[in-house]
Amino acid sequence: MSARSHSPDDTSGIEARISDHARSFEALMALTPARDYYGSQIADGKDPSEQWNRRKQSKEEKKAAKKAKLDPVNQKSALDVMKERERKRKRELGMDDESIAAQPESKSAKVALDADATANRCKTVAEKRKQKRIEKKEKGAKKREKQAKREAQKVSAEDEPESPEVETGPELEGINVSGLVVGEDSTAPPSPSLSPAFDVATNASSASSNTTVAPADAEPQVVKPTVQHEGVLSPKLQLPDMDPDELKERLRIKIEELRAKRKADGPDGKPARSRQELLEQRRKKEQQRKAAKKEQIHLAKEKEQQLKEQQLRNSPSSIDVFKSKPKANNFAFSRLAFADGTMADANLTTLQEQKKKKGPQDPRTALEAAQKKTQRLAGYDEAKRADIAEKDSWLNAKKRAHGERVRDDTSLLKKALKRKEKQKMKSERQWQEREQAVIKSKEAKQKKREANLQQRKDGKKKGKKGGRPGFEGRFKA
């Protein structure tokens with residue numbers, strides 16, 4: 001068998017077949033989704049085994065992930081993932097673009113197959129990003145515009161002077177203010193004056209407004225208070241010259257009136273100096289309020305009662321209402337009891353038998369009573385015993401008919417007494433056993449405690465070390 005010789009034509013044919021097969025596989029990979037080829041970690045870049053360790057997504061994140069999943073731009077094939085990994089590997093190896101461009105033409109031809117699709121995707125992504133930036137700028141502009149409007153409204157609200165309510169008292173009536181002139185350097189219209197003693201100027205955007213005083217018969221001094229709040233000039237008030245002590249006195253009187261009106265001081269006219277005094281004042285006020293309310297309710301009831309009586313007096317059928325009625329003769333007679341135990345009823349027409357007290361209820365006393373009765377009957381003659389026995393039988397039948405228990409059988413009473421004695425003995429025996437168990441438990445606990453103490457003492461003795469050799473610290477006489 002002779003060896004076959006391989007010519008260059010055969011080598012080129014093999015390379016062509018390999019390239020053809022590679023293109024076929026790449027076409028298949030381009031049609032295969034990356035998730036089906038590489039696994040579920042392609043979707044979010046995480047391994048499915050780490051699912052339990054992930055943070056729970058919010059509703060917005062879930063919605064965004066669903067939109068991204070359905071977006072055609074984010075759909076990747078197995079070929080795209082393979083190429084991305086290849087580029088990443090080359091970057092890690094430090095290969096630059098020139099070395100990548102110097103690769104065989106067959107690989108560049110393979111990359112050119114999907115260049116159009118990649119360019120289209122990049123273009124779509126760029127357009128979306130541009131659109132998002134434009135929307136973000138528009139939102140920012142709208143937000144700034146709203147903020148500017150709010151600030152302008154706030155400034156305009158601060159610029160509007162509050163019209164002070166001035167009480168024109170007798171002190172301001174005799175003042176001549178005809179010589180007061182206000183300069184008109186301000187651009188805003190002046191607010192209407194509320195009193196001849198005051199002249200309020202508007203806010204100005206400039207530093208200050210000029211105020212001139214023209215000569216008049218009486219030239220009162222003008223006080224020009226200027227108060228600024230955060231760069232905005234407040235209205236300037238031109239007040240007449242008044243005595244400060246008088247103003248202070250008026251203010252003090254007004255404060256006292258307000259305190260008296262809201263009852264700030266206590267009942268003795270002194271304010272509360274501690275929390276306890278304040279609570280005591282509140283308690284007294286609450287008591288006074290309740291007493292006043294109670295008195296008001298009482299007065300309302302009395303008034304209502306008087307109205308009712310007035311209506312009854314005025315009505316035609318009220319003639320006999322207020323007349324005195326004759327007193328009824330009501331007599332109560334006591335009941336009569338006789339020696340045989342019978343008793344008359346309240347009407348004194350029939351006799352009632354006096355109710356006998358019930359006998360003893362426990363078996364021992366009932367047995368003793370039955371035995372005494374038997375001994376007493378034994379001393380009678382035969383006829384009397386028969387008569388008493390017949391009466392007792394009828395009486396017992398009557399008691400049973402009324403639901404009472406008849407306990408006159410000595411044999412049954414003896415059995416009941418014996419049963420009760422056994423129950424008492426059993427209970428006594430159980431109590432003694434319980435006491436013995438408590439004593440034994442105490443003794444066992446004490447014995448165990450002593451054993452533990454002895455064991456602890458023995459353990460300390462065993463672990464004790466002896467003294468060092470020599471005579472250090474030991475002196476014997």
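General observations
- Filtering Ala68, Ala64, Ala27, Ala43 for residues that are among the aliphatic types (A, V, I, L, M), assigned to a helix (DSSP H, G or I), closer than 24 Å to Thr124 by Cβ and modelled with pLDDT under 80 leaves a single hit, Ala43.
- Within the range 367-378, residues that are more than 14 Å from Leu417 (Cα to Cα) have Cβ atoms under 7 Å from residues that are among the hydrophobic types (A, V, I, L, M, F, W, C) in these pairs: Leu377/Ile388, counting only partners at least 6 apart in sequence or on another chain.
- Residue pairs meeting the criteria (Cβ under 9 Å; at least 6 apart or on separate chains; first under 20 Å from Lys67 (Cα atoms) and of a type in the set (Lys, Arg), in the range 128-149; second surrounded by 10 or more Cβ atoms within 10 Å (Cβ to Cβ) and modelled with pLDDT under 90): Lys128/Val73
- Selection within the range 117-154: residues that are within 22 Å of Ser77 (Cβ to Cβ) and among the β-branched types (Val, Ile, Thr). The member of this set that is nearest to the chain's Cα centre (by Cα) is Val125.
- Among the candidates Gln371, Gln375, Gln305, Gln310, residue that is loosely packed, with under 10 Cβ neighbours inside 10 Å and modelled with pLDDT of 85 or more: Gln375
- Test result for Asp36, loosely packed, with under 10 Cβ neighbours inside 10 Å and either part of a helix (DSSP H, G or I) or at pLDDT 65 or above (or both): no
The values are calculated or read from the model by the stated rules, or taken from the named source; none is laboratory data. Every value quoted in this text rests on a predicted model; they were computed, and no experiment measured them. Quick reminder, even Gly has a Cβ in these numbers, built from the backbone with ideal geometry, and neighbours come from all protein chains shown.
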